[in-house]
Each structure stands twice: as structure tokens, then as C-alpha cells.
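As C-alpha cells, the structure follows; a few thoughts come after it.
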Amino acid sequence: MAVHDQLAIVTGASSGMGRETAKLLAQRGWHVLAGVRKDADGESLAADSIEPVILDITDQSQIDAVLARVDEDPAGRPLSVLVNNAGISLNAPIETLSLAGWRQQFDVNLFGHVAMTRTLLPALMAAQGRVVNVSSIGGLVALPTYGPYAASKFAMEAFSDVLRREVGRFGVTVIVIEPGTIATDIWDKQSAAMRELSAAWTPDWHARYDSLQETAITLAQGASERGLDAADAAQVIVEAITAQTPQTRYLVGDAVAMGPAVHDSSDRQLDEMFAGIFG
């Protein structure tokens with residue numbers, strides 16, 4: 001079946017890698033249902049083969065609406081691709097972030113993707129489609145202040161492995177994308193959120209963690225300048241989707257060098273390296 005007779009869903013398509021992936025899939029012939037949070041984002045993304053859909057992946061009713069859209073496709077097109085890309089980054093030292101903050105991080109970065117995948121799996125099985133889970137180099141190594149984000153991405157890695165081993169027998173391919181530093185607006189949002197969180201710290205927390213937090217903010221502020229272009233990262237995602245025999249995992253950008261280095265280093269070596277960076 002030609003790709004122009006198939007549907008693809010991309011979550012978190014308002015900006016960054018999600019937006020570029022939706023555009024590239026549409027160029028390759030898929031009819032893309034692009035998940036966005038606001039109508040304005042959808043209007044700027046809409047094109048002949050891109051159909052914006054309001055989608056908060058933490059809202060089951062909105063996920064169900066996307067499933068209904070797939071089931072009732074006027075052209076009877078099957079769902080052959082699901083790209084679980086939506087995500088947020090709440091960064092703070094473990095002691096300082098509330099449990100509500102931890103739950104919010106996991107609701108978006110893990111449970112929302114689990115909900116999307118569970119809901120759409122029957123359609124993907126029927127089409128013997130592909131699930132692409134966007135993880136991170138943060139799913140392989142955890143930096144100071146990145147505890148909630150890294151924990152959610154480590155969990156995404158495990159979720160992907162289990163899913164691959166459960167549904168591969170039904171013809172569903174599961175692929176993990178592990179980007180390093182990508183030039184998107186997430187870094188500006190992250191820096192602003194970190195400053196907002198630290199403004200509510202106790203005096204003891206300020207004494208313990210101010211220097212650590214400032215280093216993390218400085219690194220984040222420079223990331224958008226040194227990161228890989230989001231369109232180049234999207235190219236890797238689409239290559240994974242279209243490969244006849246895809247890899248189970250794809251490192252992207254500076255993660256290509258970082259991944260093996262992390263794998264070959266001991267915990268103590270990584271501790272020393274991060275102590276040198278964060279002080």
C-alpha cells in the first residue's frame with residue numbers, strides 16, 4: 001500500500017522535532033494527524049496533507065477523539081505510524097521539586113504516551129504499523145537537576161523495550177529515538193521554569209543548590225545555539241519510519257558521541273565528570 005493511502009499521528013507537533021516530523025512525513029506522502037495544544041498552532045501547521053488535531057496526551061477524552069478520527073477516516077486509510085513525541089522538562093534538584101511536579105513530568109513524558117499507545121494499538125496491529133518513541137540521551141544518563149526528566153525518559157526506554165517484545169509478533173515495529181541537544185524552544189522554556197521553581201525555594205535549598213541550578217540554567221541557555229537543527233532530527237525519525245529493517249534505537253546529534261562514551265564509562269567516572277561540570 002502506498003504511503004499516501006496511510007495515516008500517521010505525531011504528538012507534540014506544535015513546534016520543534018514534532019512539527020518538523022509532521023511536515024516531512026506529509027512531504028513523503030502520509031496524511032498526518034498533527035497533535036497540537038492550541039488552535040493557533042494548528043492554523044500555522046495546516047497544509048494539504050497535515051491535519052491538526054487538538055491533543056493533550058494527558059486527556060483520555062482527546063485521545064479517544066483521535067482514535068475516532070482514525071476509525072472514521074473518510075478515505076478508509078489505516079494508521080501505519082504513531083510518533084510519541086510530546087514532552088516537557090521540569091528540572092530541579094530532587095529535594096526541591098514537589099511530588100506534584102514529579103507527577104506532572106511523568107504524566108506527559110510517560111503516562112500520556114502509554115495512553116496513546118494502548119488506545120491506538122489495535123489500529124496499528126491491523127496495519128502492522130510502527131511506533132516511534134522519542135526518548136533522549138537523558139534516557140541513558142542522568143545529569144544533576146535532570147532527575148524528573150531523566151527518570152521519565154529511562155522509563156520510556158523500558159516501556160519501549162517491553163512493547164517491542166510484546167507486539168513484534170503482531171507485526172508492529174517499535175523504534176526509540178534518542179536525541180542529544182536539539183535546537184528548539186524547549187531550552188528557553190526550561191530555563192524560565194527553573195528560575196520560577198527556584199524562586200520558591202527555602203533558604204536552606206538556596207544555600208545547597210543555587211550554584212548547581214545556575215550552572216544548569218547556563219548550560220540550557222546555550223543549548224539552543226549549539227544544538228542540532230530540529231529538521232535534521234526529524235530526518236532521522238522519518239528515515240527510521242521508512243527503513244525496511246529499522247534499528248531498535250537511533251542516537252541523534254551529539255548523542256551519537258555521548259551514547260558510547262556513557263556506555264563505556266563507570267558510574268564513578270561519570271560522577272567525576274559531572275562534578276567537574278556542575279561543581
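The values are calculated or read from the model by the stated rules, or taken from the named source; none is laboratory data. What you are looking at is a predicted structure, and each value in this text was computed from that prediction instead of being measured. Every residue, glycine as well, gets a Cβ built from its backbone with ideal geometry; the counts of neighbours run over all protein chains shown. Please note that ligands, DNA and RNA were not included when accessible areas were found on the heavy atoms of the full protein model with its side chains. Shrake-Rupley method; radii C 1.70, N 1.55, O 1.52, S 1.80 Å.
Per-structure values
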item	result
Separation of alpha-carbon centers, segment 222-253 and segment 67-101, rounded to whole Å	18
Cα lying deepest toward the dipole's positive end in segment 150-261, options SER152, LEU163, ALA257, charges on Cβ	LEU163
Rounded FRET efficiency, nearest 0.05, which uses the C-beta distance separating ASP271 from GLU196 and R0 of 35 Å	0.75
Estimated dipole of the chain in Debye, rounded to 20 [Cβ of Lys and Arg +1, of Asp and Glu -1, Cα centre]	560
In degrees, nearest ten, helix 60-71 long axis to first principal axis of the chain (Cα)	30
Difference of contour (0.36 nm per residue) and Cα-Cα distance, ARG226 to ASP5	75.7 nm
Residues whose placed amide H lies under 5 Å from that of ILE88, excluding near-sequence neighbours	ASN109
Inter-label distance, nm, simple model (7 Å from Cα along the C-beta direction), GLU166/LYS189	2.8
Structure-based [θ]222 nm, the chain - -39500 (n - 2.57) summed over DSSP H runs of at least 4, per residue, nearest 500	-17000 deg cm²/dmol
Options VAL70, GLN104, THR184, ranked by Cα towards positive dipole end of the chain, top entry (Cβ charges)	VAL70
THR245-ALA142 FRET efficiency (beta carbon distance; Förster radius 30 Å; 0.05 resolution)	0.45
Helix 203-226 axis, angle to the chain major axis (alpha carbon atoms, nearest 10°)	50
Two-site FRET efficiency, ASP73 against ARG37, from Cβ-Cβ distance with R₀ of 25 Å, rounded to 0.05	0.65
Per-residue SASA entry for MET258, accessible area with 1.4 Å probe, Å² rounded to 10	70
